[in-house]
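No lab work stands behind these numbers, since they all come straight from the coordinates. The model shown is predicted, which means the values in this text are computed figures rather than measured ones. Virtual Cβ from ideal backbone geometry, glycine too; neighbours counted across all protein chains shown.
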Amino acid sequence: MPGARCAQQRVLFSTAWRRVGRAGAPLRRDNRAVGLRQLVRPTRALGFGKNTATPEAARRALIHALKRQDERAARSDVGAIDVQLLAQVTSASEWPKLLAYWERRNPGGVAAWPRHLDPSAHALNLWALPAGGVGPAAGLGADVRKRQPKRMLSTPGLTVFDPEKRSSDATTALAVVCATWLEDVGTSDFEALRLAPPVLEAWAPGGRLISREVVDFGLEWPLPAADGI
């Protein structure tokens with residue numbers, strides 16, 4: 001992907017938090033989960049953007065980002081961190097509860113999150129978890145707040161898509177936010193990483209799980225898919 005287009009993707013779909021740490025702090029060398037107290041002070045303001053990418057552009061961005069991470073891992077003199085990305089889609093009606101939950105847990109990290117979503121819009125949060133499974137981290141329950149991960153490896157990602165207003169869907173949004181996370185957090189917070197194909201969860205208002213699936217985009221990933229999906 002040309003540099004200009006890559007930069008545009010980062011502006012439109014920037015991650016929503018930043019891992020706390022001093023400037024020049026060492027990058028991650030292990031996959032110990034990070035508690036939320038270590039994620040409460042973003043080192044820079046991070047906005048979020050609406051998903052306006054086409055499926056083809058989103059897939060190209062993801063291919064580019066994965067290739068870059070493979071190259072970084074090959075050059076690294078430390079072991080790569082194994083990461084499972086979990087994406088959760090939240091409807092506009094459930095969004096206020098999720099936002100209020102994170103405002104209590106991490107107020108500095110969600111300052112750039114939208115206060116409201118259009119009725120037909122959805123938010124897609126991307127959580128970086130230790131590879132191997134997503135069940136215990138994702139959680140189940142009728143309340144959206146009970147589905148939020150308790151511990152994670154680094155800064156999450158966020159984007160918003162609205163199928164009724166533009167040609168977009170959860171899969172395209174997932175490709176974009178994965179690519180952006182890899183280019184931003186995956187590059188700045190990790191010396192090297194290996195990814196399992198992301199898991200995408202969609203929930204109906206009231207807490208009913210609509211779908212939970214591995215989405216590999218027809219690409220090869222360094223790690224196998226998570227167990228139990």
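Aspartates and glutamates near Lys165 by alpha-carbon distance under 18 Å, same-chain residues fewer than 8 away left out - which ones?
Of all the aspartates and glutamates, those that pass the test against Lys165 - Cα under 18 Å, at least 8 places apart if same chain - are Asp118.
Charges only on Cβ, +1 for Lys and Arg, -1 for Asp and Glu: so what's the dipole of region 177-224 about the Cα centre, in debye to the nearest 20?
300
At 0.36 nm per residue, minus the direct Cα-Cα distance, what do Asp169 and Asp143 gain on full extension? Give it in nm, one decimal, please.
Length difference between fully extended and current span is 7.0 nm.
Only counting other Cβ atoms within 10 Å, I'd like Glu94, Glu56 sorted with the fewest neighbours first.
Exposure proxy ranking, most exposed first: Glu56, Glu94.
Determine which aspartates and glutamates satisfy two conditions relative to Lys97: a Cα distance under 13 Å, and not lying fewer than 8 residues away in the same chain.
Asp143
Grab every C-alpha pair in region 107-224, bin the distances at 5 angstrom width from 0 up to the longest one, and report whole percents.
2, 9, 18, 24, 24, 14, 7, 1, 0
Between Glu220 and Arg151, how many nm apart are label points set 7 Å from Cα along the C-beta direction?
For Glu220 paired with Arg151, the spin-label model returns 3.4 nm.
How large is ³J(HN,Hα) for each residue in region 96-109, as worked out from phi by the Karplus curve 6.51 cos²θ - 1.76 cosθ + 1.60 (θ = phi - 60°), to whole Hz, x for Gly and Pro?
After applying 6.51 cos²θ - 1.76 cosθ + 1.60, I find x, 5, 5, 4, 4, 4, 6, 5, 7, 7, 8, x, x, x Hz.
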